[in-house]
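**Q** Here it is, the structure in full.
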Amino acid sequence: MPADSDLILPGGEDREIDKSLFKSLPERSKHEDFIRRAVDLLVERVVFGRTSRTSKVVEWTAPDDIKVAIDLKPREGPVSHDELLGLMADVARYSVNTGHPYFVNQLFSSVDPYGLIGQWLTDALNPSVYTYEVAPVFTLMEEEILREMRSIVGWPEGQGDGIFCPGGSIANGYAISCARFYYYPEIKSKGVYAVPKLVLFTSELAHYSTKKMAAFMGIGSDNCILVKTDIYGKINVDDLEIKINGAIEDGATPFLVTATSGTTVYGAFDPLVPISAVCKKYNLWLHVDAAWGGGALMSKKHRHLLSGIELADSVTWNPHKLLAAPQQCSTFLIRHKNVLKEGHSSNAKYLFQKDKFYDTSYDTGDKHIQCGRRADVLKFWFMWKAKGSEGFEKHIDTLFNNAKYFLEHIRQRDGFELVLENPECTNIMFWYVPTCLRGRENEPDYKERLNKVAPKIKERMIKEGSMMVTYQPQGDLANFFRIVFQNSALDHKDMVYFANEFERLGKDIVV
Ligand code: ABU
């Protein structure tokens, strides 16, 4: 089979390279043919060619072979349009098909057709959302979508404020920054020297970003105190209160609790109502990291999982996760109207001039820590228009239905052992036990041997490209698989396919 770059692409022939092509302006006479062929390649080879169930999820290639297969080095001179099209094809060929229905490895997947077009429109318009004059539509669109999301969270009339962030980790960092500023506004000008020794709390199964952001923001990772979880992966509220009191006795000042709605591995939902009561008692900010589970708010059937989220001071919610918006689309929502702006603005006069001819309250960029910023809202807005809230609800209900079907299916099958009997979200955790280990659970080296199974199955699945499912150890547990359902195009037949694949790839493994 020829390399993709060797294929003659339809519609064009190579010609001598025009040295004026360095100019950053599309000219019909020079670029139309190239752009149309490139879009055709994207549509045919990438969008449709790579999302069919009969194609591979990944064409595994070792790093040294990719270095040979794709000419990665920038050169002194330009290459031709035909060569550029070949490079595009190569990049696609050796990339993972995250839009493939059998890419169930991460908390994102799919190529949503409307999200994709929204993304392409964003890139064609190339805005930077800091001022109304540069991004009028996106400024208004952001405020509208964020207000709607706050209203879905349950804050009356969508009160408060919000931003689109570069990822959920940064959104969780905004929570720390806003909470700290809310209690200690002097932090902004005087820094950490002006405030007491602050501590924050999150569960031992929460996303690592809270600890990481505590370090990044000068609070210190040791001052992000991890609270025990129960057998379902939910925060232990008694332990939270014990740890808060312990910190106070040690002379520290608690200011924030980050609860999680949909933990990264288990998909567990922390009990928000009792956590909120503890926060009220000790005057602490309650942030809910609903990056993963937030999408369930769109479903009447499943939004109870986040019951009490309306009691939060702030929320992280990533539409690029459960709602399948393209990467990346993360939001930080806050109930307090002015904290984002007052806590982060710096009033740069070259950009946020107050004497402009229009209402400069629409220049919303100064509440962000970023300056230049992509319009991540457009793809999500476009999806929302295309599907309606009812479409998102059906999407969520389909994911939960598939997850339940898969759970019940593997519960009945030999070789599958569940890590959690009743997971709450659409991630299902299990061990696949090969024949050689069955019935040996009581042998002393069982765990050590079981630990080797998932990496071996993963190696086989990646090399064959038949699906992608991640694995991890957790606490004392040997490596187990976490399959994630986030693509509503999957159906029950696909659930059986996954189970069959684990059996095919894993049954005869010897460890
Ligand atoms: N927020 C990162 C999630 C990583 C994962 O897919 O497990």
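Matching residues to (1) open to solvent by less than 50 Å² (accessible area, probe 1.4 Å); (2) more than 16 Å from the ligand (Cβ to nearest atom); (3) part of a loop (DSSP other than H, G, I, E, B); (4) within 22 Å of Glu310 (Cα to Cα):
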{"position": "Ser169", "(1), (2), (3), (4)": "yes, no, no, yes"}
{"position": "Phe181", "(1), (2), (3), (4)": "yes, yes, no, yes"}
{"position": "Asp239", "(1), (2), (3), (4)": "yes, yes, no, no"}
{"position": "Ile242", "(1), (2), (3), (4)": "no, yes, no, no"}
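**Q** Exactly one condition in (1) within 16 Å of the ligand (Cβ to nearest atom); (2) open to solvent by less than 50 Å² (accessible area, probe 1.4 Å) is not met by His81; state its number.
**A** (1)
**Q** Name the single residue that is nearest to Ser203 (Cα to Cα) among those in the stretch 244-263 being of a type outside the set (Ser, Thr, Tyr) and open to solvent by 30 Å² or more (accessible area, probe 1.4 Å).
**A** Asn245
**Q** Follow-up question, since we're still on this one. Consider the stretch 264-277. How many of its residues are open to solvent by 10 Å² or more (accessible area, probe 1.4 Å) and either farther than 21 Å from Leu311 by Cα or among the hydrophobic types (A, V, I, L, M, F, W, C) (or both)?
**A** 5
**Q** Name the residue that is farthest from the ligand (Cβ to nearest atom), counting only residues in the stretch 183-207 that are in a loop (DSSP other than H, G, I, E, B) and in contact with a strand residue (DSSP E or B) (Cβ under 9 Å, 6 or more places away or on another chain).
**A** Pro196
**Q** Given the condition touching a Phe, Trp or Tyr at 6+ places or on another chain (Cβ under 6 Å), at pLDDT 95 or above, among the hydrophobic types (A, V, I, L, M, F, W, C) and open to solvent by less than 70 Å² (accessible area, probe 1.4 Å), answer yes or no: does some residue in the stretch 433-445 qualify?
**A** no
**Q** Turning to a different aspect of this structure: Quickly run through the stretch 145-180 and pick out the residues that are aromatic (Phe, Trp, Tyr) and touching a strand residue (DSSP E or B) at 6+ places or on another chain (Cβ under 7 Å).
**A** Phe164, Tyr174
**Q** Which of the numbered conditions does Thr264 fail, given that it passes all the others? Conditions: (1) of a type in the set (Val, Ile, Thr); (2) more than 16 Å from the ligand (Cβ to nearest atom); (3) in a loop (DSSP other than H, G, I, E, B).
**A** (2)
**Q** Determine which single condition Gly173 fails, assuming it passes every other condition in (1) of a type outside the set (Asp, Glu); (2) away from the ligand (no atom under 16 Å from the Cβ); (3) in contact with a helix residue (DSSP H, G or I) (Cβ under 8 Å, 6 or more places away or on another chain); (4) assigned to a helix (DSSP H, G or I).
**A** (2)
**Q** Do we have Phe485 as surrounded by 16 or more Cβ atoms within 10 Å (Cβ to Cβ) and under 16 Å from Arg413 (Cβ atoms) here?
**A** no
**Q** Looking only at the stretch 208-237, filter to residues that are of a type in the set (A, V, I, L, M), assigned to a helix (DSSP H, G or I) and surrounded by 21 or more Cβ atoms within 10 Å (Cβ to Cβ); which one of those is nearest to the ligand (Cβ to nearest atom)?
**A** Among them, the one singled out is Met213.
**Q** Scan the stretch 85-92 and tell me whether some residue there is open to solvent by 40 Å² or more (accessible area, probe 1.4 Å) and not hydrophobic (A, V, I, L, M, F, W, C).
**A** Within the stretch 85-92, not a single residue is open to solvent by 40 Å² or more (accessible area, probe 1.4 Å) and not hydrophobic (A, V, I, L, M, F, W, C).
**Q** Look through the stretch 93-111, keep the residues that are hydroxyl-bearing (Ser, Thr, Tyr) and within 15 Å of the ligand (Cβ to nearest atom), and return whichever of them is most open to solvent (accessible area, probe 1.4 Å).
**A** Result: Thr98.
**Q** If only one of Glu424, Glu408 is loosely packed, with under 13 Cβ neighbours inside 10 Å and either modelled with pLDDT of 95 or more or touching a Pro at 6+ places or on another chain (Cβ under 7 Å) (or both), which one is it?
**A** After ruling out the rest, the residue left standing is Glu408.
**Q** Working only within the stretch 147-159, note down all residues that are open to solvent by less than 10 Å² (accessible area, probe 1.4 Å), over 17 Å from Trp292 (Cα atoms) and touching a Ser or Thr at 6+ places or on another chain (Cβ under 9 Å).
**A** Gly158
**Q** Look at Thr364 and say whether it is out of contact with any Gly (no Cβ under 9 Å at 6 or more places or on another chain) and touching a residue at least 40 places away in the same chain (Cβ under 8 Å).
**A** The answer is yes for Thr364.
**Q** With respect to Gly154, is the statement that it is more than 16 Å from the ligand (Cβ to nearest atom) and free of Cβ contacts under 8 Å to residues at least 40 places away in the same chain true?
**A** Taking the combined requirement at face value, the residue does not satisfy it.
**Q** Ok, one more. If Gln370 meets every condition in (1) crowded, with 19+ Cβ neighbours inside 10 Å; (2) under 16 Å from Pro166 (Cα atoms) apart from one, which number is that one?
**A** With respect to (1) crowded, with 19+ Cβ neighbours inside 10 Å; (2) under 16 Å from Pro166 (Cα atoms), Gln370 is out only on (1).
**Q** Taking the stated definitions as given, is Thr131 at pLDDT 95 or above, open to solvent by less than 60 Å² (accessible area, probe 1.4 Å) and in contact with a Leu (Cβ under 8 Å, 6 or more places away or on another chain)?
**A** yes
**Q** If you take the residues in the stretch 442-487 that are of a type in the set (Ser, Thr, Tyr) and touching a strand residue (DSSP E or B) at 6+ places or on another chain (Cβ under 9 Å), which one is nearest to Asp112 (Cα to Cα)?
**A** Result: Thr470.
**Q** For residues that are of a type in the set (D, E, K, R) and within 16 Å of the ligand (Cβ to nearest atom), scanning just the stretch 458-482, find the one that is least open to solvent (accessible area, probe 1.4 Å).
**A** For the stretch 458-482, the residue satisfying everything is Arg482.
**Q** Being more than 16 Å from the ligand (Cβ to nearest atom), open to solvent by less than 10 Å² (accessible area, probe 1.4 Å) and in contact (Cβ under 8 Å) with a residue 12 or more places away in the chain, is that true of even one residue in the stretch 314-333?
**A** Yes; the residues of the stretch 314-333 include at least one that is more than 16 Å from the ligand (Cβ to nearest atom), open to solvent by less than 10 Å² (accessible area, probe 1.4 Å) and in contact (Cβ under 8 Å) with a residue 12 or more places away in the chain.
**Q** Still on this structure, I have one more. I'd like the residue in the stretch 296-313 that is in contact with a Phe, Trp or Tyr (Cβ under 9 Å, 6 or more places away or on another chain) and not small (Gly, Ala, Ser) and, out of all such residues, is most open to solvent (accessible area, probe 1.4 Å).
**A** Filtering the stretch 296-313 for residues that are in contact with a Phe, Trp or Tyr (Cβ under 9 Å, 6 or more places away or on another chain) and not small (Gly, Ala, Ser), the one most open to solvent (accessible area, probe 1.4 Å) comes out as Lys301.
The values are calculated or read from the model by the stated rules, or taken from the named source; none is laboratory data. Since we're looking at a predicted model, the values are computed, not measured. Neighbour counts run over all protein chains shown; Cβ positions are idealised from the backbone, glycine included. Side chains are part of the model used for accessible areas, which takes the heavy atoms of the whole protein and leaves out ligands, DNA and RNA. Shrake-Rupley method; radii C 1.70, N 1.55, O 1.52, S 1.80 Å.
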